[in-house]
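Visitor: The structure follows.
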Amino acid sequence: MELNTKFMIETFFDALAGIPVTLKLTLITLLVSAPIAFFMALGKIEKRKIAGKLISGYVSFIRGTPVVLQILFLYSLLPTLLNYLVKDVLGLSFNVFQLDTILYAYIVFVLNTTAVLSEVFRSALLTVGHGQMETALTIGMTKRQAYIRIIIPQAVVSALPNICNATIGLLKSTSLAFMMSVQDVTAIAKVKAAYGYNYIEAYLDICFVYIVLCSAIQLVFKLIERYACAYKKSSRTKGGALYARNKEYI
Amino acid sequence: MRSFHPSYILEVLIQLLPFLWVTVAMVIGTVFFGGAVGILLAAAKVRKGRITRLLANIYIYITRCIPSVIMLFIVYYGLPELLLGFGIDINHVGKGFFVITTFSILFAANMAEVFRSAYEAVDKGQKEAAASIGMTSWQTFYRILLPQCTVVALPNFANALVNLMKEGSLAYTIGLIDIMGKGQLLIGMNHGSYALETYLALTILYWVLTFVVEKSFGVLEKHLSKGKKALSQA
């Protein structure tokens, strides 16, 4: 098997041009879905009956169906639906089909990530002991204050590894955006490959790009974790020492 | 806008059902091969050997970073060429082979982490206690550690299984005719109409599959953790 290394190196640098789109998709999706997911998690924890049921149904639906299917489904439904809404309901002469398709990519990934993150946030909020909330309430904090000052800073710490996982999952699933003709890393490399059937080289390039991106994300999260865990430092080193001793003993 | 035909969803469902076995066979094949590699990787991670642990870590790190659709294409286009270099011709092998290979590679990394965390979750005292009553290390593993690990690993395993099933739907991109592939074929045969109904039928099918997997694993977990309850009550 011979790899066309010249093509591979050229395409690698071409594919780099798609990184901003991939990162933009990941970041904006995260920023949009995090607040929604947080309130969904709260709704489930605070035992709002109807809202809780709805949220459970939504999460189960999103987690029960493949991302590809969601992409295909929404990509075949949304443009016509939007067109119908704009033309027939609102009566505007705006052409929906001229919209950048990245918009649909955002919608799909936000729907998806919201479900994933809401579970992450819910489990993180549950790890904070019940007593914390009660203590905050007894010293006269409102529920809102208790959440912002007491619960969330603690929950963030336990949520971070899972948020990191969710981010990586999201980054990987953005590679499917080429189905919606979004010009991300995958799409650019695929187009380049189609000229001379150099598919394997192009896909290896994409692999490298994703490995670099994932490593960067993991690094960023490590730094954030170090910052967010600052208050735990003393106890953590103690735990670490204990762990090391245990290991030696075994 | 063309009107929506709910009755067509049922019609599509009936046409999709015969292809369910392809999806299920893909999942079972992947669990078998991926699970086997996963056990080896997990063993490499918990054992003392430095080099094997490093290799296992590198493998897990890299496969974790690669989107499954890209992995699928690499295996589909790259593996025949690579093996041809060794004089093995697999160009006539069915597409299922490539799909199972790809997802086994990815699934193995997941499984390695699931098995490792389950193994480490069992208290070290159990191992020592077993050794102190004279069990060999194989007996300890088989009679003491394995039953306890299984309970711990089950929820994560169910999660990985559901993810595998969902990602398996990507196999249609290389032309495997599972339920997703058949759905796409149906849309093609209808010249792109009834796409919405077909996708809805697929969505229902996947949702039901996920539901069944999650529920049955829940039941299994309850059944297997019986011993655990008795222990804590004593």
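Values quoted throughout were computed directly from the atomic coordinates according to the rules given, and no laboratory measurement underlies them. The model shown is predicted, which means the values in this text are computed figures rather than measured ones. Cβ atoms come from the backbone with ideal geometry, glycine included; neighbour counts cover every protein chain shown.
Visitor: Take the alpha carbon atoms of segment B:162-222, find their center, do the same for segment A:8-24, and report the distance between the two centers in whole angstrom.
Guide: Distance between centres, Cα-based: 31 Å.
Visitor: Moving on to the next point. Between segment B:85-150 and segment A:162-217, how many Å separate their Cα centres?
Guide: Here the two parts' Cα centres lie 30 Å apart.
Visitor: Still on this structure, please answer the following. Measure off 7 Å from each Cα along the Cα-to-Cβ vector at B:Ser225 and B:Arg50, then give the distance between these two points in nanometres to one decimal.
Guide: With each label placed 7 Å out from Cα toward Cβ, I get 4.0 nm.
Visitor: Apply 1/(1 + (r/R0)^6) to the Cβ-Cβ distance of B:Leu82 and A:Lys6, taking R0 = 30 Å, and write down the FRET efficiency to the nearest 0.05.
Guide: With a Förster radius of 30 Å, E is 0.90.
Visitor: So, with +1 on the Cβ of K and R and -1 on the Cβ of D and E, and no other charges, what is the size of the charge dipole of chain B about its Cα centre, to the nearest 20 debye?
Guide: Roughly 920 debye, rounded to the nearest 20.
Visitor: Work the Kirkwood hydrodynamic radius out for the protein assembly as shown: mean of 1/r over every pair of different alpha-carbon atoms, inverted, in Å. Walk me through the intermediate numbers first.
Guide: Values: mean 1/r = 0.0398 Å⁻¹.
Value: 25.1 Å, from the Cα pair sum.
Visitor: Given the pairs A:Lys172/B:Lys182; A:Lys24/B:Lys182; A:Lys222/B:Lys45; A:Lys6/B:Lys182; A:Lys47/B:Lys215; A:Lys44/B:Lys124, which span a C-alpha to C-alpha distance of over 27 angstrom in this model? Don't skip to the answer; put the middle values down first.
Guide: Numbers: A:Lys172/B:Lys182 25 Å; A:Lys24/B:Lys182 34 Å; A:Lys222/B:Lys45 22 Å; A:Lys6/B:Lys182 39 Å; A:Lys47/B:Lys215 23 Å; A:Lys44/B:Lys124 37 Å.
Over 27 Å Cα-Cα: A:Lys24/B:Lys182; A:Lys6/B:Lys182; A:Lys44/B:Lys124.
Visitor: Obtain the nm distance between the two label points defined at A:Ile50 and A:Gln132 by a simple spin-label model: each point lies 7 Å from its Cα along the Cα-to-C-beta direction.
Guide: Those two pseudo-labels are separated by 3.2 nm.
Visitor: When the dipole is taken about the Cα centre of the protein assembly as shown, and only Lys, Arg (+1) and Asp, Glu (-1) are charged at their Cβ, what size is it in debye, to the nearest 20?
Guide: For the protein assembly as shown, the charge dipole is close to 2200 debye.
Visitor: Kindly rank A:64-72, A:11-19 from highest to lowest mean number of other beta carbons found within 10 Å of each residue.
Guide: A:64-72, A:11-19
Visitor: Please get the size of the charge dipole for chain A, origin at its Cα centre, with Cβ charges of +1 on Lys and Arg and -1 on Asp and Glu, quoted in debye to the nearest 20.
Guide: For chain A, the charge dipole is close to 1360 debye.
Visitor: What ratio of Cα Rg to 2.2 N^0.38 Å holds for segment A:5-249?
Guide: Cα Rg divided by the expected 2.2 N^0.38 Å: 1.25.
Visitor: Suppose R0 equals 30 Å. What FRET efficiency, 1/(1 + (r/R0)^6) with r the Cβ-Cβ distance, do B:Ile177 and A:Thr80 give to the nearest 0.05?
Guide: 0.65
Visitor: Using only the Cα atoms of segment B:6-227, what are the Rg and Dmax in Å?
Guide: Every Cα atom of segment B:6-227 included, Rg and Dmax give 20.7, 71 Å.
Visitor: Shifting gears a bit: Below 8 Å between Cα atoms, with a sequence gap of 6+, how large is the relative contact order for segment A:5-249 in percent? If you can, show how the numbers build up before the last one.
Guide: Working: 212 pairs, mean separation 75.8, N = 245.
In percent, rounded to a whole number, it is 31.
Visitor: Something else about it: What FRET efficiency, computed as 1/(1 + (r/R0)^6) with R0 = 22 Å and r the Cβ-Cβ distance, is obtained for B:Gln15 and B:Phe211, rounded to the nearest 0.05?
Guide: With R0 = 22 Å, the Cβ-Cβ based efficiency is 0.55.
Visitor: Once you place label points 7 Å from the Cα toward the Cβ at A:Ile211 and A:Gln98, how far apart are they in nm?
Guide: Computed distance between label sites A:Ile211 and A:Gln98 equals 4.4 nm.
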